[in-house]
Amino acid sequence: MANENNNDEENRAGTINDASLREDNENVTNARSRAPSRAKSRGSISDQRKTVTRTGSRLSSATESVHPNDKHHELPTSRATSEEAFSSETNGGYDTDLEIEEQREQYDASGRNIYKEACRINGVIPVSYFLRNITETELTMMHHGLGPAGTRAIAIALVGNTTIVKLNLSDNWLAPEGAVAIADMLKENCYITDLDLSDNKLGNPGAVAIASTLLQNSNLTHVTLNGNDFQDKCADAFAEVMLNNNKIEFLSLSSNNFGEAAGLAFGPAVAENITIRHLDLSWNNIRGKGAVTLAEGVGGNIGLRKVNLSWNGFGNEGSVALGKGLSTNNTLEELDITNNRITAEGAVMLGKGLAVIDSLKVLKVGDNPMQTAGCYAILKSVRENPNSAMGEIDFGHIQVNKDFEDLLKETQEAMPKLKVKHGGTKEPVKPKPKMNPMAKLQRYIQVNNLRLVDFFNKFDKDGSMSVNYEEFEEGLLETGIDLDRGEVDWLIKELDKDGDGDIMYSELYMGIKKDK
């Protein structure tokens, strides 16, 4: 009885295990054939998507309950495949609904992709020239018509650019908005050292934006802002730059609308600046007290080497201040004051400084109404300076006389390297010799291939071989011979020897023959 009971219990246990295995096998099969809950997207796991087996699941428990040596309870092929998948997934997979991320693109150091995206955002077409040259050290994009929107796109691309050190965007109509974009870019970019934004209609708002950046940027050494319609309103902003920026070596504000107030603002700032080597304020309207103050600032500066103040309105007042400034300055090497309304008196006052300064090498004073007297005064001052380093003086378009030429010859003997340019030697005008009125008659006859009698017949309408004064004058007028009133009177007096009031053919013949 005991043996029979044991056999019955073993049979019941086997039946339970078979049922459990069949149930687990059906669950696995159903799990493998279940349709996906959502559509596959790019980066999703494909049909081989795997699921990690969690510890303690029914399938795991069932697997552990089967004795490894029990041949009667081998798992189906589908179950073996699932186990291989589970094992593989356990080594490298995860149970998650998140899509696998695509491999990240390599960082674009050139900024081309950033520029294209910036163009899309700003609604402009990318400039192929910019894309080709974005990795060069010098980028010159003159006359490309960028406008404010195109400038913003370029500015965005240049924020992280590390190759361009010289940027020229002149004549692109940036307007104040474009100036703000460039200014913001320069606050982040630390590689650009040379900037040219000439002829871009930046106006006073653009000037303030650029000046504000120049107070923060410590990399720019060359700044050119010519022809941007800057006025006295923004002069204080640039004066602040001159006072506080200690990196700029070249500053050009030429061809703007700075006037007397700007000169008053620039003067003290120029005097205090020690880093600017070349300052260009040409083609403005600086005059009066502004010119005097600026001249004093130039004289008191210890760093400037080259100053261009041409085409302003310094006049004699500014010349006096420049003369005083030059007498105390020992660093300035080149001064251009072309076309500044400087007369001979102003040239004499300027000469007082030239007789002292020992550093000036180039002086340009052409197109001033100083005439030969002013040129003589300046050259004489240079000649009398024993320590003068002068190598070139430009008196362009000013005529000189023989006295100046003599002084120049003497000066060049003492200073062989000195070159002087002027408007030529002024020679006395000799009056043209007047042609004898009788010779004019002869020339008319020869040119028109006439006989003397044919010529006289033009006057003698009645054929009497005699004409009165009135007929003679009318005939001369008809011929078109160039004779004034005095010459006609001279001919009448010369031909009518007897004074009877008529001119005979014989008298004309004798007069012509005598003059030959």
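The values are calculated or read from the model by the stated rules, or taken from the named source; none is laboratory data. This structure is a prediction, so every number in the text was calculated from the model and none was measured. As a convention, Cβ positions derive from the backbone with ideal geometry for all residues, glycine included, and neighbour counts pool all protein chains shown. These accessible areas exclude ligands, DNA and RNA; they are computed on the full protein's heavy atoms, side chains included. Shrake-Rupley method; radii C 1.70, N 1.55, O 1.52, S 1.80 Å.
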Of the residues in segment 456-470, those that are closer than 20 Å to residue 489 by Cβ and crowded, with 16+ Cβ neighbours inside 10 Å come to 456, 459, 466, 467
The residue from 294, 304, 264 that alone is modelled with pLDDT of 95 or more and touching a Leu at 6+ places or on another chain (Cβ under 7 Å) is 304
Residue 245 under 29 Å from residue 191 (Cβ atoms), open to solvent by 10 Å² or more (accessible area, probe 1.4 Å) and at pLDDT 95 or above
yes
(message) It is to be established whether one or more residues within segment 250-259 are at positive phi, surrounded by fewer than 21 Cβ atoms within 10 Å (Cβ to Cβ) and either assigned to a loop (DSSP other than H, G, I, E, B) or at pLDDT below 95 (or both).
(response) yes
Residue set 417, 421; condition in contact with a strand residue (DSSP E or B) (Cβ under 7 Å, 6 or more places away or on another chain), within 30 Å of residue 380 (Cβ to Cβ) and either in contact (Cβ under 8 Å) with a residue 60 or more places away in the chain or open to solvent by 30 Å² or more (accessible area, probe 1.4 Å) (or both); output residue 421
Taking segment 263-286 and keeping residues of a type outside the set (D, E, K, R), open to solvent by 10 Å² or more (accessible area, probe 1.4 Å) and in a helix (DSSP H, G or I) leaves 264, 265, 268, 271
Residue set 324, 289; condition open to solvent by 40 Å² or more (accessible area, probe 1.4 Å), part of a helix (DSSP H, G or I) and either over 21 Å from residue 393 (Cβ atoms) or of a type in the set (Val, Ile, Thr) (or both); output residue 289
Q. Restricting attention to segment 378-390, does a residue exist that is closer than 12 Å to residue 333 by Cα, touching a helix residue (DSSP H, G or I) at 6+ places or on another chain (Cβ under 8 Å) and open to solvent by 10 Å² or more (accessible area, probe 1.4 Å)?
A. yes
Those residues of segment 94-139 which are open to solvent by 100 Å² or more (accessible area, probe 1.4 Å) and modelled with pLDDT of 95 or more amount to 116, 120, 121, 125, 132
